1. Are any residues in segment 47-63 within 43 Å of the chain's Cα centre (by Cα) and open to solvent by 50 Å² or more (accessible area, probe 1.4 Å), and if so, which ones?
2. Scan (1) open to solvent by 30 Å² or more (accessible area, probe 1.4 Å); (2) modelled with pLDDT of 95 or more for the single condition Ile308 breaks and write down its number.
3. Kindly establish whether Thr288 is at pLDDT 95 or above and buried (at least 19 other Cβ atoms within 10 Å of the Cβ).
4. Only residues that are modelled with pLDDT of 90 or more, open to solvent by 50 Å² or more (accessible area, probe 1.4 Å) and farther than 22 Å from Val192 by Cα: list them for segment 234-267, please.
5. Going by the structure shown, is Glu100 open to solvent by 70 Å² or more (accessible area, probe 1.4 Å) and of a type outside the set (S, T, N, Q)?
6. Checking the conditions here, which among Val69, Val20 is open to solvent by less than 50 Å² (accessible area, probe 1.4 Å) and within 22 Å of Arg131 (Cβ to Cβ)?
7. Working carefully through the options Val192, Val202, find the one that is modelled with pLDDT under 85, open to solvent by 60 Å² or more (accessible area, probe 1.4 Å) and in contact with a Leu (Cβ under 9 Å, 6 or more places away or on another chain).
8. When the residues of segment 113-158 are filtered to those that are in a helix (DSSP H, G or I) and touching a residue at least 60 places away in the same chain (Cβ under 8 Å), which remaining residue is surrounded by the fewest Cβ atoms within 10 Å (Cβ to Cβ)?
Amino acid sequence: MADDTTAPTYVADTLALALVASSDAPILLLDGDLQVVAASASFARAFQIAPTAINERSLFALGGGEWDVPQLRSLLRVTLSGAAEVDAYEMDLKRPGKGERRLVLTAHQLAYGDPANVRLLLSVSDVTDARLAERLKDDLLREKAILYQELQHRVANSLQIIASVLMQSARRVPSAQLRVHLYDAHSRVMSVAALQQAASTVGEVQLRAYFTELCQSIGASMIQDHDKLRLRVEADDTVAVADVSVSLGLIVTELVINALKHAFPGDRGGDILVSYQSQDADWTLSVTDNGVGIHDGAPAKVGLGTSIVEALAKQLGATVTMADAHPGARVSVEHKQPAA
């Protein structure tokens, strides 16, 4: 029977041994000299070491000495002193003639109140398969991203070819009315190409640069005299995720094409301004022209794109309004954050 001074240590050791013996995870109970006091059966199975070659041996002498890693030795010494604990320390276990394993180690000092009987509980997790799965997943994601970018590149090239054919056809046809329709189709294809480029963007899109590029594409195909008819963009430094930017771009495309077709009949010149301003979650996108206006002559109207603009605005939680700009017309798409 243990005396009164050794009874607490005896009880604690008994509990620690019971914990190790009943564990399904690889666990070692080490003494102050980092000798193995006890090892779980799963430790012997996991690392293919005979149970008789584990107990009462130094941790660093187990197997073929593969556990003798200087950094691990230092960490365990520090843990024994009580200055720190090993928490999720990762190491590669290199065994001669066997595959390398990636391990995660956790070590805790068992304080018995007796400096001469310090114990260390070392648990080991083999994460080799998990790390391999993570690498395979990362590789697949990278491969998917490369294929996606290649697909986007091919789509962009196809759209450019279609736009070029439409432009060449528009220059050859004798009918002025047909020419207008072909220029309109060319403009829409080029706009779709710009939208497709934004949709393929990973992360956020800077709206000012995006709207500027989009309007340059529309103007290149629909404005013959850029000194007479001007298309400008004024926007703040807002950035938006790709899905939102595509919806906004489609709205801009429909409204700008509508203004070019209806606001400046005949040989009339003027200006079209695309504006985007935001404050916190509120924002306003507007397209303003100084053309014939709503009441003066032919009305500036959204035309066939009305349903598209209204559907996109609804999707963004915004409302569409049309007003007289004195002169010209203004179509605004406005989003207001609901009051708390």
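The values are calculated or read from the model by the stated rules, or taken from the named source; none is laboratory data. A quick note: this is a predicted structure, and the numbers were derived from the prediction, not measured. Cβ coordinates were reconstructed from backbone atoms using ideal geometry, including for glycine residues, and neighbour counts include every protein chain displayed. Quick note on the areas: whole protein, heavy atoms, side chains included, nothing else; ligands and nucleic acids left out. Shrake-Rupley method; radii C 1.70, N 1.55, O 1.52, S 1.80 Å.
1. First, the residues of segment 47-63 that are within 43 Å of the chain's Cα centre (by Cα): 47-48.
Scanning segment 47-63 gives a single hit, Gln48.
2. For Ile308, the failing item is (2).
3. Answer is yes for this residue.
4. Asp237
5. Details: open to solvent by 70 Å² or more (accessible area, probe 1.4 Å): yes; of a type outside the set (S, T, N, Q): yes.
Considered against the rule, which asks whether it is open to solvent by 70 Å² or more (accessible area, probe 1.4 Å) and of a type outside the set (S, T, N, Q), Glu100 comes out as yes.
6. Val69
7. Sole residue among the options that is modelled with pLDDT under 85, open to solvent by 60 Å² or more (accessible area, probe 1.4 Å) and in contact with a Leu (Cβ under 9 Å, 6 or more places away or on another chain): Val192.
8. Looking at the filtered set, the residue picked out is Ala116.
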